[in-house]
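Taking it in order: structure first as structure tokens, then the write-up.
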Amino acid sequence: MDLPIDTTTLSFICTQVPEPRVAFGTDQQQRTAAGEPVFQVGVMFIAGDRSTVLRVRTTTEPAGVTLGHPLKVTGLVARPWSRDGKAGTSYWAQRVESAGRGAKEAS
């Protein structure tokens, strides 16, 4: 079950450039059940004076996303999972894209 995340009060910064997500135990790019390729991006989530860094997966190839730049994350959800006695949460977005210039370029 996907749990929607309200992003209206969050800011996002790219901490790892987009890359194809490799399927566990293979050297092939992961694909969804519908056959769509999966990409991942390291993202710092900033809410007020708190932040955390997570990997966000998407099936839309992130274009124009570079390290240290602000991001626009659309349709973000948390997706709990469990397999072989292990459990966790993965984060998926409909789209991850550049939101404008980074601090280095703005000065």
Comparing ARG21, ARG83, ARG57 in a Gaussian network model of the chain (Cα, 10 Å), the one with the largest mean-square fluctuation is ARG83
Scoring only Lys, Arg, Asp and Glu (+1, +1, -1, -1) among other residues with Cβ under 14 Å from the Cβ of ALA93 yields +1
With the chain treated as a Gaussian network of Cα nodes joined by springs under 10 Å, which of ALA63, ALA34, ALA23 yields the largest mean-square fluctuation? ALA34
Counting helices only, and only those DSSP H runs with n ≥ 4, report the 222 nm mean residue ellipticity of the chain as the sum of -39,500 (n - 2.57) divided by its residues, in deg cm²/dmol to the nearest 500. -500 deg cm²/dmol
Stokes-Einstein, Kirkwood over Cα pairs, the range 11-53, 20 °C, 1.002 mPa s; D in µm²/s equals 179 µm²/s
Restricted to the chain, the DSSP antiparallel beta bridge percent, nearest 5, is 90 percent
Choose one answer from THR89, THR74, THR66: the residue with the largest mean-square fluctuation in a GNM of the chain with alpha-carbon springs under 10 Å. THR89
Which residue, chosen from ILE5, VAL73, THR32, occupies the Cα position most advanced towards the positive end of the dipole of the chain, where the dipole is computed from +1 (Lys, Arg) and -1 (Asp, Glu) charges on Cβ about the Cα centre? ILE5
When you have a sec, figure out the Kirkwood radius of the range 3-96 from all distinct Cα pair distances and drop it here in Å to one decimal? 13.9 Å
Among TRP81, TRP92, what is the fewest-to-most ranking by other Cβ atoms within 10 Å? TRP81, TRP92
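Here, each number is a calculation from the coordinates, and none is a lab measurement. Since this is a predicted model, take the numbers as computed values, not measurements. We place every Cβ from the backbone using ideal geometry, glycine too, and count neighbours over all the protein chains shown.
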